[in-house]
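**Q** Sharing a structure with you now.
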Amino acid sequence: MERHNKGERPATKPHGGAAKSDKAAASKAEGAVSRVLFIQATQALGAVLSFEHPADAVLSRHFRDNRELGHRDRAFIAETVYGVLRRLRWLRRLAGDRATPRELLLAWCARGEGWPMRAFEGLASATERDWLAGIKAAELEEGALAERADLPDWLVERLLATHDEVTLLALAHSLNRPAPLDLRVNVLKADRDAVLARLREDGIGAEAGALSPQAIRLAGKPALQKHPLFLDGSFEVQDAGSQLLGLLVQPKRGELVVDFCAGAGGKTLQLGAMMRSTGRLYAFDVSDKRLAKLKPRMARAGLSNVHPVLIAHENDAKVKRLAGKADRVLVDAPCSGLGTLRRNPDLKWRQSAAAVDEMVAKQGAILAAAARLVRPGGRLVYATCSLLAEENDGVVDAFIAAHPEFRPLSAQAVLEKQGVPLQTGERLRLSPATHDTDGFFAAVLERVGDA
């Protein structure tokens, strides 16, 4: 599942103390937040908290409907909305279960951002300021594990199957911090060192990514849509952990490769560049809108070997025509997306245990259908951006039990051959707490015989 970072802020403290000094917080509040802007942020938060649509889509619509908002105003709205979403359970303990969007926003600014009381003059009424003084002084009891983790009860119960309390809290606190911004260098067009040098010349703080040899990590969240190297296709925005999935596929020149759940095509573009725009790369997806977004990105990346294909479902006739012909197949399966909570904190409140269970059945069906495309000796990679065992190991273990013609390969060994010395074991498991990437899982399988 592909998601994109939407105006998120630098990391805040995980435990609800003031995230900045009073002086810095007051300077920001007094210099940037007008009464009108605070009302705008409240309206946006209210729309997001209905949880009818993804938060990034709600914010995008709000900004389209309010084009007078400048870059800083949009950043403030996005940052505060995402801050509230990350710490929603904690804020409701502070402000009350029935707290309004405005009260949640005020409480976040007072406790999460650490604004001093003088920063609320002109923004809050005298009654609200009295209430805020109580919020700033309030001391909460430790609370249940799910409350301390700022996660729903059902999710904590699922995570306890694979985490002890200490590691679960460390994971939760890492998920409650904003994600850094990573780029992927297009190896068809550019060299990482050259891209790094150009970014630094332009005053953009950047360093080589620690995990992927194609990755660059930025120091902040600069606007890049008009940068010459973005416009000429030299780089794309892509989480460093996501880039490792392409390395696990390890496509070669001239091969037939399938990206089975391509989405808007971030990994498709990486695979095409690694193939040096040779061979044939099929991008399957059930969404015409997502595939439409891929086409201009293909052109910018300089790829001519990508073939976007709209399918109705995993057993579409267009899929069956490639049975037994593919050298490599990537199944970046639709999933709960819970490994991306740094970027999409609303997901933890929008997902449910029942929805995850339905997803698991779908993942198994998709993996089985994709496996039919792999030729003997070919490679199948199953991946999710989920942290839940049932979406990851559970799906892969069930598949292997039903398909003895596939044998597992070591993800660690595949990565080591490409210069990535990452201790993963047989299956890739990335965590924001350990690797500072989104939470990814991947299993690498090789077809050794006929079904």
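**Q** For the stretch 371-450, what does the accessible surface come to per residue with a 1.4 Å probe? Please give it in Å².
**A** Here the residues of the stretch 371-450 average 38 Å² of exposed surface.
**Q** Taking the Cα centre as origin and putting +1 on Lys and Arg beta-carbons and -1 on Asp and Glu beta-carbons, what dipole magnitude results for the stretch 51-129, to the nearest 20 debye?
**A** Rounded to the nearest 20 debye, it is 240 debye.
**Q** From the residues Ala219, Val448, Gly394, which one has its Cα farthest along the dipole of the chain in the positive direction, the dipole being from +1 and -1 charges on Cβ of Lys/Arg and Asp/Glu about the Cα centre?
**A** Checking the options against the dipole of the chain, the answer is Ala219.
**Q** Using a 1.4 angstrom probe on heavy atoms only, work out the carbon and sulfur share of the accessible area of the chain in %.
**A** 51 percent
**Q** Next question, about the same structure. Take every DSSP beta bridge with both residues inside the chain and express the antiparallel ones as a percent of the total, to the nearest 5.
**A** Among the beta bridges of the chain, antiparallel pairing accounts for roughly 55 percent.
**Q** Taking only protein heavy atoms and a 1.4 Å probe, what accessible area per residue, in Å², does the stretch 304-356 have with all protein chains in place?
**A** That works out to 33 Å² per residue.
**Q** With a 1.4 Å probe and all protein chains left in place, how much accessible area per residue does the stretch 204-251 have, in Å²?
**A** Heavy-atom accessible area per residue stands at 35 Å².
**Q** Also, I was wondering about something else. Ratio of the chain's C-alpha Rg to 2.2 N^0.38 Å, to two decimals?
**A** Scaled against compact globular proteins, the figure is 1.02.
**Q** Need one word for the stretch 158-254: rounded, prolate or oblate. Basis is the Cα gyration tensor (sqrt eigenvalues a ≥ b ≥ c); a/c below 1.5 gives rounded, then a/b vs b/c decides.
**A** It is oblate, given that a/c is not under 1.5 and a/b is not larger than b/c.
**Q** Measure off 7 Å from each Cα along the Cα-to-Cβ vector at Ala138 and Ser50, then give the distance between these two points in nanometres to one decimal.
**A** Calculated label separation equals 2.6 nm.
**Q** Roughly how tilted is helix 165-175, in degrees to the nearest 10 and between 0 and 90, from the longest Cα axis of the chain?
**A** 80 degrees
**Q** How tilted is helix 55-65 with respect to the longest principal axis of the chain? Cα atoms for both, answer in degrees (0 to 90, nearest 10).
**A** 70 degrees
**Q** Which FRET efficiency, nearest 0.05, do Leu310 and Thr127 yield, Cβ-Cβ r, R0 41 Å?
**A** My answer for the efficiency is 0.15.
The values are calculated or read from the model by the stated rules, or taken from the named source; none is laboratory data. This is a predicted model, so every value here is computed, not measured. Every residue, glycine among them, receives a Cβ derived from its backbone with ideal geometry; neighbour counts consider all protein chains shown. What goes into the accessible areas is simple: the full protein's heavy atoms, side chains included, and nothing from ligands, DNA or RNA. Shrake-Rupley method; radii C 1.70, N 1.55, O 1.52, S 1.80 Å.
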